[in-house]
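Accompanying notes for the structure given below.
The values are calculated or read from the model by the stated rules, or taken from the named source; none is laboratory data. Values in this document were obtained by computation on a predicted structure and should not be read as measured data. Virtual Cβ from ideal backbone geometry, glycine too; neighbours counted across all protein chains shown.
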Amino acid sequence: MDKIKLLQSVPLFSDLSDSSLKKIADQMISRSYSKGQLILMEETLGETFFILASGSVKVTRMSDDGREVILAMLGEGDFFGEMSLLDGEGRSANVVALEDTEALTIKRGEFLGILERYPKIAIKLLEELTRRLRRSDQQIESLSLSDAEQRISITLIRLAEELGTIKGGAVTVKNLPYQQDIANMAGTSRETVSRMFKLLEEKGYITREGKSLTINNFATFLKTFS
Ligand code: CMP
């Protein structure tokens, strides 16, 4: 893997010079995870920061009655593991590979050293944490909606924003998570997700092909469902 090339494409590092990137890349170790593998476990001690080089992960917590609640899905170029490095507490959530995944990792002391040395990275990190807080605020609001179908549509919008690629007004999520995972994000059942997808497809809002799902006109979808 060309670590420098990868870091150049990661928003967190986009303002750095090539020589600074090289110094950071030299401190990073590449690690591979297979689909379904637990990468981080809730409440355990945190010593490592991760950047996704390829693949995707889900960030989850277990509710008291044993249900999995999905807080976020992260894809290529996203980072995770920063929270326990910053506050010294245990891992705030589980992180599980949704597919075969590769990550660049860096140890706590080096990560904190980079934030001190490169204030631009610290600012980018704050920007992303703010974005995640806004998303969580939206998720809290959406989970309080009584209409499960509306919650599923909002979850689809979120997945499209987090994992999708845009082309001519349409947004495609190539490797759509399992319907059970989408149900866990939306706080509903897999059956309701399946029924809602069929309905959206019949009405021409979405197209499905294998594991990929396209929102045919993202602007219209946003206007109709959010
Ligand atoms: P940490 O607490 O070290 O380990 C679990 C990681 O999951 C956490 O750092 C964050 O990187 C990530 N995480 C936790 N909550 C969220 C969220 N709401 N959105 C995106 N990522 C999250």
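Computed quantities for the displayed model
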item: Count - residues of segment 25-84 that are in contact with a strand residue (DSSP E or B) (Cβ under 6 Å, 6 or more places away or on another chain), acidic (Asp, Glu) and away from the ligand (no atom under 12 Å from the Cβ); result: 2
item: Residue within segment 63-80 that is under 18 Å from Ile106 (Cα atoms) and either polar (S, T, N, Q) or assigned by TED's automatic domain parsing to the domain that holds Ile154 (or both) present; result: no
item: Residue selected from segment 92-122 under the condition part of a loop (DSSP other than H, G, I, E, B) and either over 16 Å from the mean Cα position of the chain (by Cα) or away from the ligand (no atom under 15 Å from the Cβ) (or both), by the criterion surrounded by the fewest Cβ atoms within 10 Å (Cβ to Cβ); result: Asp100
item: Unique residue being among the acidic types (Asp, Glu), over 15 Å from the mean Cα position of the chain (by Cα), surrounded by fewer than 16 Cβ atoms within 10 Å (Cβ to Cβ) and under 24 Å from Ile182 (Cβ atoms) when the list is Asp15, Asp2, Asp64; result: Asp64
